[in-house]
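Read the figures in this text as sums done on the coordinates, not as results from a lab. Just so you know, these numbers come straight off a predicted model, no measurement behind them. Counting neighbours? That spans all protein chains shown, and the Cβs are built from the backbone with ideal geometry, glycine included.
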Amino acid sequence: MDYQLDFRIKLWMEEVAERLRESLNQKVEIQEKQGAADLVTEMDRWAETYFVEKITTYYPDHQIIGEEGISDTPVTSTKGITWLIDPIDGTLNYVKEKNHFGIMVGIFEDGVPVAGYIYDVMNHDLYSGIVSEGVFLNNKPLTPIQVDSISSSLVVGNVGNYVENRYNLQAIHHLALGTRSYGAAALEIIAVLRGEVCLYASSGLNPWDFGAGYALCKALGFEVTTFTNEPLNIMEKSPVIFAPKHIHAEALKLLEV
Ligand code: IPD
Ligand code: CA
Ligand code: CA
Ligand code: CA
């Protein structure tokens, strides 16, 4: 891992987080994408543009996949370094709650996770992880709370996914002590990293939603796969499970694919 790159990403995320907090007291333009619950704001576009401009200046040969499609260079292969960027994760929370949203950046080399970053903006908390070096919260090592089994733990994920019950997701919900849903994958993945919950499962997550968490979980030695135990493809939307190894094995037995 290039430590100058690690340093730069953290600096850029601090700047974006600061601007997002300031924007909460200002009028921000909001548009619907697929419907009233699927929003994009001028700040989502501003934040992604900020990252794209920095990356193309400092790392012109790197590829960028961002939710808002700001980079106009299409990504057709996973070869080389690819950035997965979610400029605001939890846009609906950002607009409605002015709270509980994140910024996510994942770095991949030849499709394999190298480093991940999740910023919990309103708590001023930056989680960073380099694969094989561990996870850090504001640059201090993070030690997760120990989780023993699904039946003795909480689980987390999008409430709609659990209600729909695709792949028999409700089996996990029924076995666990409780199911939490925070409206932002960023904050839900943080809960897995901290061991507050034992797993995050989604029946369909986009690359910019799983990129940072994929690398952060790998940095802690956790498992991240599809529901058929395959590695994630950073160019495809897919079902995803993030969990410590023993919990991941337990969950896969409950899912039906
Ligand atoms: C969404 C949030 C939500 C998750 C959705 C994502 P966005 O991201 O993370 O919690 O369930 O799948 O699309 O659109 O706010 O970046
Ligand atoms: Ca969105
Ligand atoms: Ca997202
Ligand atoms: Ca987003």
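Observations, loosely collected:
- Oblate is the label for segment 166-207, because a/c, from the alpha-carbon gyration tensor with a ≥ b ≥ c as root eigenvalues, is 1.5 or above and a/b does not exceed b/c.
- Across segment 13-20, computed HN-Hα scalar couplings (Karplus, 6.51 cos²θ - 1.76 cosθ + 1.60, θ = phi - 60°) run 5, 4, 5, 5, 4, 4, 5, 5 Hz from first to last residue, x flagging Gly and Pro.
- Relative contact order computed over segment 3-141 (Cα-Cα under 8 Å; 6+ residues apart), in percent: 16 percent
- For TYR182, distant residues with modelled amide H under 5 Å away: GLY157
- Relative contact order %, segment 158-257, counting alpha carbon pairs below 8 Å whose residues are six or more apart: 31 percent
- Note on SER71, SER202, SER77: ascending count of other Cβ atoms within 10 Å places them as SER77, SER71, SER202, the fewest first.
- Choice from ALA47, ALA212, ALA36 with maximal GNM fluctuation in the chain (Cα, 10 Å cutoff): ALA36
- Considering only LEU84, LEU11, LEU216, the mean-square fluctuation computed in a Gaussian network model of the chain, springs between alpha carbons under 10 angstrom, is largest for LEU11.
- Seen against the Cα atoms of the chain and their longest principal axis, helix 42-58 is set at about 70 degrees.
- For MET104, MET122, MET13, MET1, order by how many other beta-carbon atoms lie within 10 Å, fewest first: MET1, MET122, MET13, MET104
- Distance between segment 45-60 and segment 150-200 - C-alpha centres, whole angstrom: 33 Å
- Given charges at beta-carbon only (K, R positive; D, E negative), |dipole| of the chain in Debye: 480 debye
- In this calculation the C-beta distance from GLU230 to GLN170 is compared with R0 = 22 Å, giving a FRET efficiency of 0.45.
- Angle in degrees between helix 207-219 and the longest Cα principal axis of the chain, rounded to the nearest 10: 70 degrees
- Here's how it looks for GLY195: its modeled amide H is under 5 Å from those of ILE145, which are all 5 or more places away or on a different chain.
- The fewest-to-most ranking of THR228, THR56 by surrounding Cβ atoms within 10 Å reads THR228, THR56.
- Amide H to amide H, with H built 1.01 Å from N, ILE64 comes under 5 Å of TRP83, counting only residues 5 or more places away or on other chains.
- A simple rule links phi to the HN-Hα coupling: the Karplus curve 6.51 cos²θ - 1.76 cosθ + 1.60 with θ = phi - 60°, which for segment 111-128 gives x, 9, x, 10, 8, x, 9, 10, 9, 8, 4, 6, 8, 6, 10, 10, 9, 10 Hz, with x for Gly and Pro.
- Selection from GLY69, ALA219, VAL163 lying farthest towards where the dipole of the chain points positive, charges on Cβ: VAL163
- Rounded to the nearest whole Hz, the Karplus-based 3J(HN,Hα) values (6.51 cos²θ - 1.76 cosθ + 1.60, θ = phi - 60°) of segment 130-136 follow the sequence 10, 4, 6, 10, x, 10, 10, with x at glycine and proline.
- Among residues other than LYS218 with Cβ under 14 Å from its Cβ, the summed charge is -2 (Lys and Arg +1, Asp and Glu -1).
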